[in-house]
1. Take the residues in region 181-224 that are without any contact (Cβ under 8 Å) to a residue 12 or more places away in the chain and of a type in the set (Asp, Glu), then tell me which one is surrounded by the fewest Cβ atoms within 10 Å (Cβ to Cβ).
2. For region 118-144, how many residues meet the condition of being farther than 18 Å from Lys65 by Cβ and free of Cβ contacts under 8 Å to residues at least 60 places away in the same chain?
3. Kindly indicate which of Ile87, Ile109 is at pLDDT 85 or above, under 15 Å from the mean Cα position of the chain (by Cα) and either of a type in the set (A, V, I, L, M, F, W, C) or not in a strand (DSSP E or B) (or both).
4. Suppose we filter region 191-209 for residues that are part of a helix (DSSP H, G or I) and within 28 Å of the chain's Cα centre (by Cα); how many remain?
5. Can you tell which of Val149, Val213, Val185, Val179 is assigned to a loop (DSSP other than H, G, I, E, B) and of a type in the set (Val, Ile, Thr)?
6. Give region 142-163 a look and list any residue that's over 18 Å from the mean Cα position of the chain (by Cα) and either modelled with pLDDT of 90 or more or surrounded by fewer than 20 Cβ atoms within 10 Å (Cβ to Cβ) (or both), or say none.
Amino acid sequence: MDGLYYLAKYLLAYEMNVGTIINDDFADYYGELFPVLLGPFIKHRGNINMVAYNFRDLPEFKIQKKLILVEGESERIFVNRMMDSGIMPVYGIEVLNYQGKTNGKFSKIHQLVEQYRKIGYEVKIQGDQDGKGNDIFSLHKGRGLFNEVDTFAFKYDFESSLPIILLLEAMEKINIELVDNPLEVVSLYKKSEMSINRFLKEEYNLDLKGFKVLLSDTIGKEIARDLSYTYFITDRKEEIFRFIEFLRE
């Protein structure tokens, strides 16, 4: 009934406004001020949003929109690359960088999530554990903001989720070279049990901080170019591929 109420409200107001602006007498009367009559059309969006919210569970009306919240700009760039390639759907999906753990806390993010859900969005969230092994979204889930299937956390961070061989290829493409050959780097990294950022900083005095967005874009293109080949040359159990499946669900 609520949905029908907002639909009727929208149709009545819209019909009245249209009738007004197509009336020649009104146009002549307002003259140069005639554009002010278009203002009320903006308010109609609120009624349509409420129609979408109240009809969201009806199969005949349901177009499931999705908001994906990511912790950083690297993740946002990567998700957009997956969308551009067709690996994941494009229609009805928005990607928002909430800019770090502080902004991802329940106290700061619940209003944003509820705002989008109110207009019919399904909301998912990604974050980084930074090697701590804790459930960074336990409070969010405990208070009913997210279900388990709507959260994804990298063990360390986005860069460490990437297959090391693909990361090294991407680094080479943007002219970041290491003194050791790739196979030796891969061997050392697998023994280190560190995040890739810490490993490169300690072993090669290389800080990826200034290259993260460019690396994300580059490796996103590589994965998008041929996902089946990427699966073949890497371990498909790598976190990044589980993240892609999370995005596609």
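1. Glu193
2. Pass one, region 118-144, residues farther than 18 Å from Lys65 by Cβ: 127-144.
Subset that is free of Cβ contacts under 8 Å to residues at least 60 places away in the same chain: 127-129, 132-144.
Residues meeting the conditions: 16.
3. Working: Ile87 fails: at pLDDT 85 or above.
After applying the criteria, what remains is Ile109.
4. Result for region 191-209: 7.
5. Numbers: Val149 fails: assigned to a loop (DSSP other than H, G, I, E, B); Val213 fails: assigned to a loop (DSSP other than H, G, I, E, B); Val185 fails: assigned to a loop (DSSP other than H, G, I, E, B).
Of Val149, Val213, Val185, Val179, the one residue that is assigned to a loop (DSSP other than H, G, I, E, B) and of a type in the set (Val, Ile, Thr) is Val179.
6. Scanning region 142-163 gives Gly142, Arg143, Gly144, Lys155, Tyr156.
The values are calculated or read from the model by the stated rules, or taken from the named source; none is laboratory data. From a predicted model like this one, the values you see are computed outputs, not experimental measurements. We place every Cβ from the backbone using ideal geometry, glycine too, and count neighbours over all the protein chains shown.
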